[in-house]
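The values are calculated or read from the model by the stated rules, or taken from the named source; none is laboratory data. Being a predicted model, the structure only gives us computed values, none of them experimental. Here the Cβ is made from the backbone with ideal geometry for all residues, glycine too, and neighbour counts use every protein chain on show. Protein only, heavy atoms only, side chains kept; ligands, DNA and RNA dropped before computing areas. Shrake-Rupley method; radii C 1.70, N 1.55, O 1.52, S 1.80 Å.
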Amino acid sequence: MDIAIITGASSGLGTEYYKTIQYEALDEVWIIARREGALNEISQKYGKIKTRVIPLDLTVDESHEKLLNIIKEEKPNIKYLFNNAGFGAYGKLNEIDLLKQTNMIDLNVKALTKITYFALGYMQEGSKIINTASIVLPIGDFLKDATVYVLRCSQPWVVLTKEFLSFGTIFQLERLRNARQLDCKVFQKTLSFR
């Protein structure tokens, strides 16, 4: 079964990825986000391919395990992994709620890394990974902006993607830059799979 997995699918780029992927030769698309109602609405409105709605809060470790169990049970061929779930918190590091900052790390770094790790065993040559979780790009003063601090500290993860090539699998990693100046329609055209 050839599938695409899209995290953060309930709005924004995640929804745009979902709309665009409808033109690919896939058996199923798995869409993941916290808001089940929003996922169902998007699936009904735009779905042309069979869609599995998977409501998960990816800031929580148990959600990672649930997703891993689904992957292990279904044994799909993951053709596309869109790691889109993510958020940013702006302001001075010492003024933003610590829980919000650690949730940002859990989602933007930890969940992205774990989901990619799980997916690798179910990807083949030509599969693609598109990471946009840290699309809230570093802008501002490193010591004053919590998002900048977290993202700059997490950037080395991207270097690890080069190691995937040693598995004999070719991956495409797209890091979209300056997203604040673009709207989702631009990405829809950029990511056209037709």
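Glu95 versus (1) part of a strand (DSSP E or B); (2) over 11 Å from the mean Cα position of the chain (by Cα): which is the lone unmet condition? Condition not satisfied by Glu95: (1).
Take the residues in the range 8-34 that are part of a loop (DSSP other than H, G, I, E, B) and of a type in the set (Ser, Thr, Tyr); name whichever of them is nearest to Ile54 (Cα to Cα). Per the stated criteria, the residue is Ser10. Residues in the range 19-37 that are within 17 Å of the chain's Cα centre (by Cα) and either aliphatic (A, V, I, L, M) or within 16 Å of Gly86 (Cα to Cα) (or both): Ile21, Val29, Ile31, Ile32, Ala33, Arg34, Arg35.
Residues are listed down the side, and each one gets a yes or a no for (1) modelled with pLDDT under 95; (2) touching a strand residue (DSSP E or B) at 6+ places or on another chain (Cβ under 8 Å); (3) open to solvent by 50 Å² or more (accessible area, probe 1.4 Å):
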{"site": "Glu62", "(1), (2), (3)": "no, no, yes"}
{"site": "Asn69", "(1), (2), (3)": "no, no, yes"}
{"site": "Lys75", "(1), (2), (3)": "no, no, yes"}
{"site": "Tyr80", "(1), (2), (3)": "yes, yes, no"}
{"site": "Gly86", "(1), (2), (3)": "yes, no, no"}
{"site": "Lys92", "(1), (2), (3)": "yes, no, yes"}
{"site": "Ile105", "(1), (2), (3)": "yes, no, yes"}
{"site": "Lys110", "(1), (2), (3)": "yes, no, yes"}
{"site": "Ile115", "(1), (2), (3)": "yes, yes, no"}
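Contact annotation: residue pairs with Cβ atoms under 9 Å, 6 or more positions apart or on different chains, pairing a residue in the range 60-80 that is in a strand (DSSP E or B) with a partner that is open to solvent by 70 Å² or more (accessible area, probe 1.4 Å), are Asn77/Met1; Asn77/Asp27; Asn77/Gln124; Ile78/Gln124; Lys79/Ala25; Lys79/Gln124. As a summary of the residue check, Ile5 satisfies the conditions (1) open to solvent by 20 Å² or more (accessible area, probe 1.4 Å); (2) outside any loop (DSSP other than H, G, I, E, B) except for the one numbered (1).
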